[in-house]
Amino acid sequence: MAATVKSSGGTSKPPAAAQPLADEPSAIASNINYHAHYSPHFSPFKFEPEQAYYATAESVRDRLVQQWNETYLHFHKVDPKQTYYLSMEYLQGRALTNAIGNLNVQNAYADALNKLGHQLEEIVEQEKDAALGNGGLGRLASCFLDSMATLNLPAWGYGLRYRYGLFKQRITKEGQEEVAEDWLEKFSPWEVVRHDVVFPVRFFGQVEVNPDGSRKWEGGEVLQALAYDVPIPGYKTKNTISLRLWEAKASAEDFNLFQFNDGQYESAAQLHSRAQQICAVLYPGDATEDGKLLRLKQQFFLCSASLQDIISRFKGRKQGNGSLEWSEFPSKVAVQLNDTHPTLAIPELMRLLMDVEGIGWDEAWDVTSRTIAYTNHTVLPEALEKWSQPVMWKLLPRHMEIIEEIDKRFIALIRSTRTDLQTKIYNMCILDNYPQKPVVRMANLCVVSAHTVNGVAQLHSDILKSELFADYVSIWPKKFQNKTNGITPRRWLRFCSPELSNIITKWLKTDQWVSNLDLLTGLRKFADNAGFQDEWASAKMANKQRLAQYIEHVTGVRIDPNSLFDIQVKRIHEYKRQLLNILGAIYRYKKLKEMSSEERKNTTPRTIMIGGKAFATYTNAKRIVKLVNDVGAVVNSDPEVNSHLKVVFVPNYNVSVAEMLIPGSELSQHISTAGMEASGTSNMKFALNGCLIIGTLDGANVEIREEIGEENFFLFGATADEVPKLRKDRENGLFKPDPRFEEAKQFIRSGVFGSYDYNPLLDSLEGNSGYGRGDYFLVGHDFPSYMDAQARVDEAYKDRRRWLKMSILSTAGSGKFSSDRTIAQYAKEIWNISECRVP
Ligand code: 26V
C-alpha cells in the first residue's frame, strides 16, 4: 500500500521531533513517522507493513518507557515488599495489540495508521510471537505478569533470553518437522538492553576454605549475565512492570587476541562460543550428557543472575535507610519458583548469603526458607526433575555441599522428632544415593526448603497432599496450598474477540468486567433473552468466519462456518489423549460412510480441529500428529461425507493461533486421563469465549464445571480415584473393550488412512501392563462414555437456543478463572505483598 514514509501533513518531510505521549491520531502518526525516519532499521523511504509495524511498536514503546520509569522510581521510593517470579519459560506471544489495548489507545493508533495508509489489523500481524516457552506453564507465567501489572503489584518476572524459542512446526508427508524459530531475526522492539545490569555467573571450579573456616567457590569459567528488560503494561493503569531476560556474554578480556592473530580463531573465542550456547535454545535436547549439562547451566544461569540482582536491589534500597539486616530480607523479597526448573535458587541464595555476605548457616537458612515458595505443575513421574549428582558436583561444587547439608539436617530433624516416619526417610530426603545412579531430587529440595508449596487446581493440590507429597504434609501441614490457575481476560477475551466483548459491555452496561471478571455473572439473567442470544450468535459467527478463512489460508481446507467447530489444541501428549479424539473422529467417519444420504442429513455437521506440537524426540506424539493429518486427508476429500465431517490438523499452534481459534470455537476437548492434567488453562480460555467443554473430571475442569453448572458441561470418563483400580483390573486381564473401540482401531489397521505403520501407536492401546503398553492412559476404558458424551453434544447442537444459552452460561460462569483472582490470592496468601500504585 503506502510504500514511502509520509508525514501526517501529507508531505514527505519527516517530523522534527518525536511526540511520544501524543493522544491525537495525527500527532501519533507523526510519532510513528518519526520512528520510521530516525530509528534506522531499514533502508530509508520504505514504509511497507513491516516497517510500519516496527515504527508503530517503537512509538508505543515510547509511552511504555515513560510509565515504566515512573513505576520503577515509585517502587524505589516506597520500597515495598516485592515479588520475583522465576521461570524458565514465558509464552508472551505478540505484544502490540496487548500494549495499545492496555494503554487504551487502540482507536487512536488505528486512526493514526489509517492516516499513514495502513490498517492496524494488518500491521499487528507483522509481529512474530515471542515463544520462550512450551505450553501451559509458560503461558501461565505470561498471564501472571499481565495480572501483576494490572493489580499494581510490586512484582517482576525473571527469565532467559533464548535466541531460538519453541520450534516452528511444519507438516510434511512424514508428519511433523521442526524448524528453528528466529524471533530475534530482525530485532524485538519490546526489549531494552541494560548495559549497566551485568552479573558474573560461575560454572565448574572448586571450593576453597578460608583460614576462618568459611568457604569460597573459585576457579572454573565465569560468564556475564546481561539484562534485557521487556515492559509489561497493566490494564488501564500507569503501572508498567518488567520481565527481565538474561543473556549470557563473555567479556572482551576473555577473547584471546594473541591466539586469534595466530590463526586459532575457534580457541581464541572459546568462552564466547560457550556463552552463546547458554541462551541458544529453549529446551536443548537432553538425550546426551552434554545436553543435560547445558540445561542445568541454563537453570543455574537464571537463578544466579536473578538472585544477585535481587540482592543488589535490596542492598541499594537499604542504603541511607538504616543498617543492613539480613533478617529483613524476607519482608522485602518474595521469590516464586515456577516448577522445579529454578530450584537452584535455593542453594544459590544460601551461598550468596553465607560465602559472599558472610552470615552463618542458621540465619541464611532462616532467610532463604522464608523467602522462597514453590509451585508444582505436574505429577507425571517423568517430568519430576532429577539431576545426576556427579554432574552437579562438577558444575556446582559449592551448591552440592549446601544441598548435602540441607539434606543432612532434614534427615536429622525427622530422626529426632518423628519415629513414625523413619521408614519414609529414603523417599523424602533430597539426595537419592542409589549407587548406580545417584541423583538430586529437585522437588524434594523445594518442599523441604520453601515456606509454601502449591498446586494449580483444587484436584491437583489434593493429589499432591494425598500422594506425591503426603509424607511431608504430616510434618508441615500448613505449608501446602492450592492456587487454581487463571488466564488474563485482556488477551483472552477483550482483545482476541472484540465482537463478543462489545456485546458483553453493551448488555452489562459497563466494561468493568475486563478487570473484574466476576461481573460476567451479570450475563446469566440474559441467557434466555432471544435478542441477546441473537447478538451472541452473530458475534460467534463472525469469529467462526474469520477462523474458517484462516484455516483455508494455512491448510487449503475449506470448512463450513455452519458446522459445529470442535477444537482440541495443546501440546501433543499421550495423557492428553488426542488419540481418543481422533479415534472418535474415525468412528464417526465410519458410521457416516455406512449411512444412507437421507440418514446423513440428520447428523450434526462437524469440523474437528486438532493442533499442537510434539516434543521432537517423543515418537508416539509425532505418530499422533501424522495420524490426524492422514485421517484429515482421507475424510476431507471424501465427497460422500465431507459436508458432514471435516478433520483438520492446525499447523504450528502458538499463542497467536490460539487467539484466532478460541474465539471461533463452539466445543473444545479437555479429555486427559483423570488425575494427570494438573490444571489446564486453555479450558478456561475456551469457556470464557462461550465455548462448551467436553471433558473428564481432571484439573481445572472440575472447578469450571462447578462454576458454569453441570448441565452446561459434557462430562465423561473415569474419575481420578477410579484410575488406579482400572489399571490394576487391566493388568489382571479384566478389561473388556467396547466393540466400537475395536471397530475404530481395526479401521486404521485396515489401511484406509494410508500405508504408514500405525501398529506401534495402536499397540500402546493393547496388552495388559506397563507404561507405553496396556493402555496406561485408559483410552479404551473411556471410549464408550466419550462417544456417548459426543452423542449428547450432537443432540444439544440441534437445539440452537439451548446451545446459545449454554454458551452464554459458560462465559457468565468464567469469572473465577481470571488470573487477577489467582494473583490476588498469591499476593495475599503466599507473598504477603500489597498494591503499590503509581500516582
Ligand atoms: C513436562 C514433560 C517434560 C518431559 C516429557 C514429559 C513431560 C510431561 C509433562 C511436562 C509438564 C511440565 C510442567 C507443565 O508444563 N505443567 C503444566 O502446567 C500448566 C500450568 O500450571 C497446567 O495448566 C498444565 O496442566 C500442566 O501440564
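A short reminder: the numbers here are calculations on the coordinates, not readings from a lab. This structure is a prediction, so every number in the text was calculated from the model and none was measured. Here Cβ is always computed from backbone atoms with ideal geometry, including for glycine, and neighbour counts include all displayed protein chains.
Summarising the amide proton neighbourhood of Ser818: residues at separation of 5 or more, or on other chains, whose placed amide H is nearer than 5 Å comprise Ile487. Couplings for the stretch 434-450, taken from phi via the Karplus curve 6.51 cos²θ - 1.76 cosθ + 1.60 with θ = phi - 60°, read 3, x, 5, 8, x, 9, 9, 8, 5, 5, 5, 4, 5, 5, 5, 9, 7 Hz in order; Gly and Pro are left as x.
For the stretch 255-294, what relative contact order do you get, as a whole percent, if you take Cα pairs closer than 8 Å and at least 6 residues apart? Present the calculation step by step, with values, prior to reporting the outcome.
Details: 24 pairs, mean separation 10.5, N = 40.
Here the relative contact order equals 26 percent.
Neighbour counts of C-beta atoms inside 10 Å place Cys429, Cys496 in the sequence Cys429, Cys496, starting with the fewest. The alpha carbon centroids of the stretch 406-474 and the stretch 635-652 are separated by 50 Å. Put in line by how crowded their Cβ is, counting other Cβ atoms within 10 Å and starting with the fewest, Val179, Val514 read Val179, Val514.
Please find the FRET efficiency linking Trp476 to Ala287, where r is the Cβ-Cβ separation and R0 is fixed at 41 Å, and quote it to the nearest 0.05.
On the way: r = 37 Å, r/R0 = 0.89.
The formula returns an efficiency of 0.65 here.
You can think of it this way: the chain between Lys46 and Leu384 has 116.6 nm of extra reach, that is 0.36 nm per residue less the Cα-Cα gap. Here Lys424 is the anchor, and the lysines within straight C-alpha reach of less than 22 Å, apart from those fewer than 8 places off in the same chain, are Lys386, Lys408, Lys437, Lys465, Lys478, Lys479. Students often forget the sequence filter, so: which aspartates and glutamates lie under 13 Å Cα-Cα from Lys168 once same-chain residues fewer than 8 apart are removed? Partners within reach: Asp129, Glu177, Glu178, Glu181, Asp182. Peptides 28-37, 50-59, 387-396, 727-736 ordered by packing proxy, namely the average of other Cβ atoms within 10 Å per residue, highest first: 28-37, 50-59, 387-396, 727-736.
At 222 nm, what helix-only mean residue ellipticity would the chain give, in deg cm²/dmol to the nearest 500, using -39500 (n - 2.57) for each DSSP H run of four or more?
Details: 32 runs with 362 residues, N = 839.
One gets -13000 deg cm²/dmol as the mean residue ellipticity at 222 nm.
Taking amide hydrogens as placed 1.01 Å from N in the peptide plane, the amide H of Leu160 sits under 5 Å from those of Trp246, each at least 5 positions away in sequence or on another chain.
Here's how it looks for Arg606: its modeled amide H is under 5 Å from those of Leu564, Leu645, Lys646, which are all 5 or more places away or on a different chain. What residues of the stretch 267-311 lie in the reach of a label at Gln259, counting those whose backbone N is under 11 Å from a point 7 Å from the Cα along Cα→Cβ? Only 267-274 fall inside the zone, counting backbone N under 11 Å. The distance linking the stretch 253-328 with the stretch 816-839 is 31 Å (Cα centroid to Cα centroid, whole angstrom).
Quick check on packing: order 445-458, 541-554 by the mean number of other C-beta atoms within 10 Å, highest mean leading. Walk me through the numbers before you get to the answer.
Values: 445-458: 24.1, 541-554: 17.0.
The peptides rank, most packed first, as 445-458, 541-554.
Each Lys and Arg Cβ is given +1 and each Asp and Glu Cβ -1; about its Cα centre, the stretch 208-249 then shows a dipole of about 440 debye.
Short-range pairs are left out: with C-alpha atoms under 8 Å and at least six residues apart, the relative contact order of the stretch 267-342 is 24 percent. Exposure proxy ranking for Arg821, Arg802, based on other Cβ atoms within 10 angstrom of each Cβ and starting from the fewest, stands as Arg802, Arg821. Distance between the C-alpha centres of the stretch 378-396 and the stretch 124-155: 27 Å, rounded to the whole angstrom.
Counting alpha carbon pairs within less than 8 Å and at least 6 residues apart, what relative contact order, in whole percent, applies to the chain?
Working: 1547 pairs, mean separation 107.6, N = 839.
Dividing the mean separation by the residue count of the chain yields 13 percent.
Note the full-extension length gain between Glu598 and Glu405 as 0.36 nm times their separation in residues minus their Cα-Cα distance, in nm to one decimal.
Details: separation 193, 0.36 × 193 = 69.48 nm, distance 7.52 nm.
Extending this stretch completely gives an extra 62.0 nm.
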